[in-house]
Structure formats: structure tokens, C-alpha cells
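Presented below is the structure to which this report refers.
The values are calculated or read from the model by the stated rules, or taken from the named source; none is laboratory data. This structure is a prediction, so every number in the text was calculated from the model and none was measured. Quick reminder, even Gly has a Cβ in these numbers, built from the backbone with ideal geometry, and neighbours come from all protein chains shown.
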Amino acid sequence: MGRILLAAFALLLTAVPVLAGETVTYEKDIKGIIARQCILCHDAKSPTMEEFGRDKEAFTKKMKGPRLDTYESLMVMVKGSDAGALMRRLDDGKNTKDGKHGNMYLFLAITDAGRTANLEIFKKWVGNWTLKRRKELSRKELEGIKALEK
Ligand code: HEC
């Protein structure tokens, strides 16, 4: 019971600023979610995106995904060389043909409600939530991805 209350409270704390219509930023909203939900497998000891690309299989076996511990490392997967990867991995699949969620979606939180709330925060932060790959994205679409640091 205590744990449920605590989870509900934590959820409220993260959801309130977003519901209030404030701008979502990496520093204020995203960094904390990543530190709680993702850093275990995406920390400073994890490979950079480039290193990861050279041996995906070996890193995956060791439960290491590419680094997500800094704004810069995260941006590679938001609007950099691997633009859209963050969105594809975190998407809940509700607006896709096959209805399948991305394989990092379940890590967003322990409960369905928590995942929905955290996904909403990521969506607001990104601005233009797209599941397209880097090469399919037009300049305009890339520019629509906000993902502010501060
Ligand atoms: C239990 C370990 C673990 C957790 C927790 C985890 N990941 Fe991952 N992640 C991985 C592994 C391993 C890979 C590489 C294998 C793959 O692509 O699925 C990966 C890959 C990714 C990729 C794809 C990178 C690429 O190749 O383009 C993204 C984006 C990502 N994770 C984001 C996240 C986010 C955001 C969270 C937190 C909400 C998270 N992950 C939580 C282990 C994890």
C-alpha cells in the first residue's frame, strides 16, 4: 500500500508541471526520468552510439545500450545521426498499424499509468513525435523536434 501511494505521489510530482502547460525541458523533466528508469543500462560506462553501432550484439548481451547519461548523447537519438530512435523505442504503439509498442516503452515506469504519464512528458519535450527514420525526415520535420535542454 505504502509503495502504491509513493508511486502515485511520484507520478503526481512529475505530471503536475506538464499539465500546468509549462515548457518541458531536459534539465527540468527528462533527466530525472532517465536517471530513474534508463540509466542502469545506459550510463556513462555504456558505449557511445558510434561504439554501440560497431558491435550491437555484444553490448546487447551485456545489457548495455548506447549512453543516455548526457543531453548530447540523448540528442543523437532524438534529432542527430539516429534521429527518431528514441521515439520509436518509447512509443506505446497506439497510433501504429501493428499496435506494437517500442521495446524500451516498458521501462518508462512500473505501472501503465506511470508509463502513460512519462510518455506524455517525452512527447511534449520532443514536440514533433515521429517514428520516422533519420533519412525519411524532411528538414522541416527535423526542425519541428524541439527537445530543449533548459
Ligand atoms: C534493462 C536494461 C535497459 C533499460 C532499463 C533501458 N534500456 Fe534502452 N536499451 C537497452 C539495450 C540492451 C539496448 C540495445 C539493444 C536494443 O536495441 O534493443 C537498448 C537500446 C535503446 C535504444 C536504441 C538505441 C539505438 O540503437 O538507436 C534507445 C533509444 C533506448 N534504449 C532508450 C531507452 C530509454 C529512454 C530507457 C528508459 C525509459 C531505456 N532505454 C531503458 C537496455 C535497456
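Selection of the range 43-73 for residues being more than 8 Å from the ligand (Cβ to nearest atom), hydrophobic (A, V, I, L, M, F, W, C) and not in a loop (DSSP other than H, G, I, E, B) yields only Ala58.
Of the residues Asp43, Asp91, Asp69, Asp55, the single one that is charged (D, E, K, R) and within 18 Å of Lys146 (Cα to Cα) is Asp91. Without any contact (Cβ under 8 Å) to a residue 40 or more places away in the chain, outside any loop (DSSP other than H, G, I, E, B) and surrounded by fewer than 15 Cβ atoms within 10 Å (Cβ to Cβ): is that true of Leu106 in this structure? Yes; evaluated as a whole, the condition is true for this residue. The set of residues from the range 16-28 being surrounded by 13 or more Cβ atoms within 10 Å (Cβ to Cβ), under 20 Å from Lys79 (Cα atoms) and more than 13 Å from the ligand (Cβ to nearest atom) comprises Thr23, Val24, Thr25, Lys28. Residue-level analysis places Ala83 among those that are over 18 Å from Asp29 (Cα atoms) and in contact (Cβ under 8 Å) with a residue 60 or more places away in the chain. Can you spot a residue in the range 82-101 that is more than 20 Å from Arg134 (Cα to Cα) and not in a loop (DSSP other than H, G, I, E, B)? There is no residue in the range 82-101 that is more than 20 Å from Arg134 (Cα to Cα) and not in a loop (DSSP other than H, G, I, E, B).
Being in a helix (DSSP H, G or I), touching a residue at least 40 places away in the same chain (Cβ under 8 Å), of a type in the set (Asp, Glu) and surrounded by 15 or more Cβ atoms within 10 Å (Cβ to Cβ) narrows it down to one residue among Glu141, Glu120; which is it? Just one listed residue meets the conditions, Glu120.
Scanning the range 75-94 for residues that are closer than 21 Å to Thr116 by Cα and either near the ligand (Cβ under 8 Å from one of its atoms) or modelled with pLDDT under 95 (or both) yields a total of 6.
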